[in-house]
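Have a look at the structure below before the remarks.
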Amino acid sequence: MTSEGDGRGGVPRYRRINMAGPVSRRTAARRRPVASLRSRSGIAVATALGASLVVGGWLGLSSGASGGSAGSAGPGSGSAFGAASALAAASATVGVSSPPSLGALPSPSPSASASVPSAAEARALLDARLQGTLDRVRVKLGIPGVSVSILFPDGSSWTGVSGAADIAGRVPVSAETAFAIASMSKTFTSAEILSLVAEGRLRLTDPAARYLPAGLPITIDRRITIAMLLDHTSGLADYFLNPKIDVALQRVPTRRWTAVDALRFVGKALSKPGAAWHYSNTNYLLLGLIAERITGRSLAAEIRSRFLDPLALGDAWYQAAEDPREPLAHGYRFVGTKLTAKPIDLADGSGVAPFRSVVTAAGGAGSIAATSGDLVRWGRALYGGDVLGPVGTGLLLSDFTKTTGYLPGVSYGFGVQALTIEGHASLGHSGRLLGFRGAVRHFPIERFTIAVLTNQSRADPGAIVRAMLRIVLPPPVVPVTPGSSAAPSASTPPRPSPSPLPDLP
């Protein structure tokens with residue numbers, strides 16, 4: 001969220017690309033309590049609301065179909081996969097027949113013993129491969145500490161840790177170590193807003209200014225809608241990309257910032273509302289204020305009562321307002337990209353990671369801390385339909401058309417990224433904050449979910465996601481018959497190259 005001084009000029013700026021079509025359309029909100037929409041089978045309904053778009057966004061990207069204008073492909077418009085493929089994806093997401101969780105394990109080599117390993121032995125082998133790979137990748141990337149959790153299709157899980165949570169104190173990362181999840185916090189804020197929409201207390205087409213408190217240091221264009229804040233098409237500049245904010249935040253790291261303090265750094269709008277896509281933390285800071293205005297409660301209290309407590313996510317908390325639930329990893333920054341660069345500890349002793357000023361300035365855009373175990377369970381529940389139900393999940397997955405093609409290889413909807421990783425469709429979000437970087441990815445067709453948390457912000461956690469994915473979902477082995485060439489024929493479609501895992505601050 002703030003510049004890192006990593007030799008690359010700080011946080012990457014996102015391209016400002018004009019959108020060819022309108023960014024918002026009227027969405028008919030179903031006035032129905034979210035709590036009653038718990039059935040996983042409702043995913044079929046959810047996908048029906050944005051089916052061809054979602055499948056096209058997930059799978060079309062792998063074949064390079066990321067271009068085109070914003071208004072050229074909506075639900076039901078000539079997707080290469082069509083409605084039948086969309087419904088197939090929905091059925092796979094629901095998981096009518098659950099694939100075995102150990103189905104991805106390697107088969108014994110011809111020279112191996114004729115005895116087949118037991119399920120326990122096979123799982124031990126899988127766990128060992130995952131841990132060994134995690135250790136190797138962490139060292140290769142020069143990451144101080146990392147925690148990874150994987151949820152398998154059958155509901156079983158694996159958590160692997162490596163490295164140090166506190167280098168000077170020689171404290172290793174454990175399964176109970178929490179990390180700042182940075183912009184993955186936006187998934188909670190988005191879920192809160194979509195819950196209010198499903199309850200009929202808010203509409204996506206409503207002007208955002210109608211629900212914001214008075215006295216803010218910026219003027220909100222009346223044309224900016226709730227939907228535009230959710231999908232980053234409001235045109236508002238990102239206050240965390242204002243170079244002046246870094247000095248102010250680090251001058252007194254233990255100071256508690258307010259939304260008014262942060263919004264003073266927004267600056268001039270980047271575009272007219274609905275005219276372009278710009279990833280902006282300002283949007284989600286405002287959404288948090290809107291949720292508080294509508295509910296009359298703090299965003300922290302709403303997230304706790306709606307999501308964290310009902311889902312038994314006891315190792316996650318809203319740092320700006322709640323006390324730590326688990327030991328927090330220290331965040332580290334590096335001057336330069338060399339692995340020999342000395343780590344600089346950002347902890348300020350306040351029990352907030354990386355430090356109080358930046359976390360309180362983030363608000364609804366990035367204030368949550370969690371263990372990888374709780375984050376992976378949140379990802380499975382949110383993208384699997386258990387959090388928002390069919391109506392809310394349908395809204396969550398209904399907006400990729402507006403932003404597809406603006407950031408190459410990525411579709412960004414209402415607080416969710418849809419992209420292809422190693423040939424597998426995924427939903428999720430990434431996050432970057434001073435001293436922390438991570439990602440959560442749910443693979444709805446194969447029904448795996450992966451969460452990666454690290455206590456640094458120079459190395460891409462996507463490398464760890466891909467390394468884990470290659471183990472649990474290895475590419476299929478093409479048998480070679482006698483007399484045939486091992487090389488694919490000219491008619492065999494090439495395997496798509498891995499899509500980028502953009503790190504949204």
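The values are calculated or read from the model by the stated rules, or taken from the named source; none is laboratory data. Remember, it's a predicted structure, so these values are computed and weren't measured experimentally. All Cβ positions, even for glycine, are placed from backbone atoms using ideal geometry, and neighbour counts span all protein chains on display. Note: areas computed on protein heavy atoms with side chains; ligands, DNA, RNA excluded. Shrake-Rupley method; radii C 1.70, N 1.55, O 1.52, S 1.80 Å.
Here are some notes:
- Dividing the convex hull volume of the alpha-carbon atoms in region 176-216 by its residue count gives 121 Å³ per residue.
- Contour excess over end-to-end distance, with Cα ends at SER298 and LYS272 and 0.36 nm allotted per residue: 6.3 nm
- Rounded if a/c under 1.5, otherwise prolate or oblate - region 143-283, Cα gyration tensor axes: oblate
- Relative to the current alpha-carbon distance between SER156 and THR258, full extension at 0.36 nm per residue lengthens the span by 32.6 nm.
- Debye intensity ratio in log₁₀ form over the Cα atoms of region 223-382, taken at each q of 0.16 Å⁻¹: -1.05
- 30 Å Cα-Cα reach of LYS342 towards lysines, excluding residues that sit fewer than 8 places from it in its own chain: LYS140, LYS244
- For region 347-413, a Kirkwood hydrodynamic radius built from all Cα pairs, placed in the Stokes-Einstein relation at 20 °C and 1.002 mPa s, yields a translational diffusion coefficient of 146 µm²/s.
- Solvent-accessible area of MET184, all protein chains in place: 0 Å² (probe radius 1.4 Å, heavy atoms, ligands and nucleic acids excluded).
- The gain in end-to-end length when the ARG201 to GLN131 segment is fully stretched comes to 20.6 nm, 0.36 nm per residue minus the alpha carbon separation.
- Region 203-240-region 133-183 distance, computed between alpha-carbon centres (Å): 36
- Heavy atoms of THR258: accessible area, 1.4 Å probe, square angstrom to 10: 70
- Residues in region 190-217 that a label on SER305 would reach, taking backbone N under 16 Å of a point 7 Å out along Cα→Cβ: 192-193, 195-197, 199, 201
- Straight-distance crosslink candidates among lysines, where the alpha carbon sits under 24 Å from LYS402 and sequence neighbours closer than 8 are dropped: LYS186, LYS268, LYS272
- Region 415-471 versus region 281-360: alpha-carbon centroid distance in Å: 19
- Ordered from largest to smallest accessible area (heavy atoms of protein chains, 1.4 Å probe), the residues VAL247, VAL359 come out as VAL247, VAL359.
- Evaluating 6.51 cos²θ - 1.76 cosθ + 1.60 at θ = phi - 60° for every residue in region 181-192, the Karplus couplings come out as 9, 6, 6, 5, 4, 4, 5, 6, 5, 4, 4, 4 Hz, glycine and proline recorded as x.
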